[in-house]
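One structure is given below, encoded as structure tokens.
None of the figures in this text is laboratory data; all of them are computed from the coordinates on show. What you see is a predicted model; the values in this text were computed from it and never measured. Ideal geometry is used to build each Cβ from the backbone, glycine not excepted, and the neighbour counts take in all protein chains shown.
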Amino acid sequence: MKLLYQTVLSFVISSIGFHAIGQVDHWETVVYEDDNWKYLVPTVAVSDTWIDISFDDVTWTTSPGGFGMGDGDDNTVLAAGTLSVFQRIHFNITDLAAVESMVFDIDYDDGFVAYINGQEICRSEMFGTGIPPFDQTASGLHEAQIYQGLYPFQQVLDQTFVSTYLNGGDNILCVQTHNQSTGSSDISSRVWLTLGINNTSADYGPIPAWFIPPVDLSSSNLPIVVIETGGVSIPDEPKISATMGIIHNGEGLTNSITDPFNEFYGQIGIEVRGSSSGGFAMKSYGLETQGPSPEINYNVSLFDWPVDNDWILYAPYNDKALLRNVLTYKLGSEMGNYSPRTKMCEVIINGEYQGVYVFMERIKQSPGRVDIDELLPADDSGNELTGGYILKVDKTTGGDAVSWTSPYTCASPGTGPIEIILHEPKWDSLSTVQKNYIRNYFTDWEDALAGPDFADPTLGYAPYIDELSFIDFMLSNEISKNVDGYRISTFLYKERESDGGDLVAGPLWDFNLAWGNADYCEGGLTTGWELDFNSVCGGGGGLQNPFWWNRLLQDPNFAHATNCRWQELRQDILHTDSILYWIDTMAVFLDDAQQRNYTKWPILGVYLWPNNFVGATYAEEITYFKDWITQRMIWMDANMFGSCADLGFVEEQNEFLILPNPAGEYLTLQFLSAESGQFSITNLSGSTVLSGMFSGSSFDVRTTDLPSGFYVAQVTTAEGAIYQSKFIKR
């Protein structure tokens, strides 16, 4: 059991906020969007007492909700330029003992905070705590959902809230909705309040046609993650303090909500994360394990992964197969490259079921993740200065600032800039010497790649990079036809000279719009190269593919090596049957959980940006996923770059084996019968890098000092027989 700072822990589930809703007999709605509300579009500060039941709102206007403009779904249309609208409505509870729980629903644009009887119940896209001022702008862009055929934001208020804050008789519901700017073309606030009744009485009204009762999770074959924030809504930033418990009885075993938290229990910091996904109803979260105080990060091993404190709860909301990121990282890891570890789970936050999530590692420098040396502020010279740096090409909407802009533009026909962001350490924490080193190293590589001698193994790009990592990264983006590939969420890292000194491509990140899940820029087609994105989605501006990838393929040896690597991977890791079998296995494994997920989020059969396919059932989504992959692999087999034979490789003969392949510190050359003679190892340019004599049926060759890449091993026996085969050095 993973504990933070406790040695003994004894508790019940309700101690961190899980409350079953199984006592509900039926649901009735007590507040509707088109009821008559008191509302105000404020132009000056409003007293904080406006959320209290006793506040005098006689000067406020009475009008039916919802309130807004621009979406064509408003009963009371607000004026253009409206920044915020405050609304109040009294509601009567006939029998408080009959109310088991409540559900607050709001369809909003762009942010809101809601209160019952002066108590905040939830907020979204609104920074800070307390009552926001009337002129505060929403922190993000959130589009109303119902008019698009989707579902509103929902907050479940359990029996603890009901018994603590609700009154028998008169109550007040208050909502303040804020726009992202006065220049926004729309604002929307449509509100409902629905009661879970624990008997057969009928004192209120019917539920809306779209209303979906909360899901009651009792057990799962997935780990159950329970998070309690004390009723505080989770903001975009900064992280707030919370408590997290994980129930995980082991692979293949059932996890019950009444089981103890046996995988983890302790304090965390948590915030909403995501750029384009930030407007989705189902939120992704970044979290860190903490203790004994929020200022201290606590390293812990979850699911037997390497210890760390930074984690992500990823919501596969618009990936209705639920598996695209998980599959990508699985394949990346099997190819021999670090990829974030993942665990499918089901999540409860503040007593409310949230659906199927992917618990995963955040990309960072760490021995168990990106295994490069930590760059310290004092590392201003020698080997220490040369690593490690983690860089990326990405959007800046997540708060990252551009570290430097490349002197080169994107791949032709693109004209946009190539903007480099230092992911770790943060750019502002680097010394001037460190900034100059990594920027100059990166630019020197680009200069060599763009230069006339770029294909020369000594004068060109090759001394700067781990070629195999670039090949694997490119193949991963191409098999998945990742529309974000190369131009967004593209990571690279720089090793110290003592570890090779190379610039390495990876880790893989953010493939939820890959594997046929994008209906723009030919992302849904199984044909064509994602490398040609700039031609497909050309024009000026940023967020285009850098020139690096197309230029690498102009080197015949790199193209041929890519072909060889593709052929090798297609034998097992990327074999179509292997991938489809894994998908089928996972679909069966997720069958119960996906039903709960799509009860919570009834989006099957509904278009979510940017779905290329909309299946009516989970089975249809899985079938599309598999069919797309099958056709993509067929196209890539027929159109792969280069020719493995043009590297001088011959088919491996049964009498001669190279183990392991890819090689690590050593490789073994093995014969079926005793032999003796001489061997040589050459690189792709034909230069001999190792040679010697041998005798016996097998012998080891130390390959520690060989750079990563493709090589040819040739053996000439004493009898004059010549054997030759290719291998990869990691």
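Annotations
- Each of 144, 116, 643 was placed along the dipole of the chain (beta-carbon charges, centred on the mean Cα), and the one lying farthest toward the positive end is 643.
- Here the chain is treated with +1 on each Lys and Arg Cβ and -1 on each Asp and Glu Cβ, and its dipole about the Cα centre works out to around 460 debye.
- Where a label projected 7 Å from the Cα of residue 94 along Cα→Cβ would reach, residues of segment 25-41 with amide N under 17 Å: 25-32
- Normalised by 2.2 N^0.38 Å, where N is the number of residues, the alpha-carbon radius of gyration of the chain equals 1.08.
- Couplings for segment 698-704, taken from phi via the Karplus curve 6.51 cos²θ - 1.76 cosθ + 1.60 with θ = phi - 60°, read 7, 7, 9, 10, 7, 10, 3 Hz in order; Gly and Pro are left as x.
- Rounded to the nearest whole Hz, the Karplus-based 3J(HN,Hα) values (6.51 cos²θ - 1.76 cosθ + 1.60, θ = phi - 60°) of segment 47-60 follow the sequence 4, 4, 6, 5, 8, 7, 5, 8, 4, 8, 9, 4, 7, 6, with x at glycine and proline.
- Listed pairs 330/392; 343/729; 626/726; 283/343; 320/364; 320/343 exceeding 23 Å between Cα atoms: 343/729; 626/726; 320/364
- Full extension of the chain segment joining residue 576 with residue 678 gains 32.8 nm, where the gain is 0.36 nm per residue of separation less the Cα-Cα distance.
- Around the amide H of residue 451, modelled in the peptide plane, lies no amide H under 5 Å away from a residue 5 or more places distant or on another chain.
- With an a/c value under 1.5 for the gyration tensor axes a ≥ b ≥ c computed over the alpha-carbon atoms, segment 216-361 is described as rounded.
- Here the simple spin-label model places points 7 Å from the Cα toward Cβ, and for residue 412 and residue 599 these points are separated by 5.9 nm.
- Under 5 Å, built H, 5+ apart or other chain: amide partners of residue 364: 370
- Estimated inter-spin distance, residue 719 and residue 638, nm [label 7 Å along Cα→Cβ]: 4.4
- Shown in residue order for segment 511-518 are the 3J(HN,Hα) couplings computed by the Karplus curve 6.51 cos²θ - 1.76 cosθ + 1.60 at θ = phi - 60°: 10, 5, 9, 9, 6, x, 9, 10 Hz (x for Gly and Pro).
- For residue 411, the residues whose amide H sits under 5 Å from its own are 545, 547, ignoring neighbours fewer than 5 places away on the same chain, with H placed 1.01 Å from N.
- Once the convex hull of all Cα atoms in segment 515-662 is built, its volume per residue stands at 156 Å³.
- Cross-link reach list, aspartates and glutamates versus residue 481, counting only Cα pairs under 18 Å and skipping chain neighbours closer than eight places: 319, 394, 472, 510, 519, 522, 530, 532, 621, 627, 637
- Spatial separation of Cα centroids for segment 406-459 and segment 101-121, in angstrom: 48
- Percent breakdown of C-alpha pair distances by 5 Å bin, ordered from the shortest bin, for segment 303-432: 2, 9, 13, 16, 17, 16, 14, 8, 4, 2, 0
- Reachable aspartates and glutamates from residue 239, criterion Cα separation under 13 angstrom, eight or more residues apart if same chain: 271, 288, 295, 310
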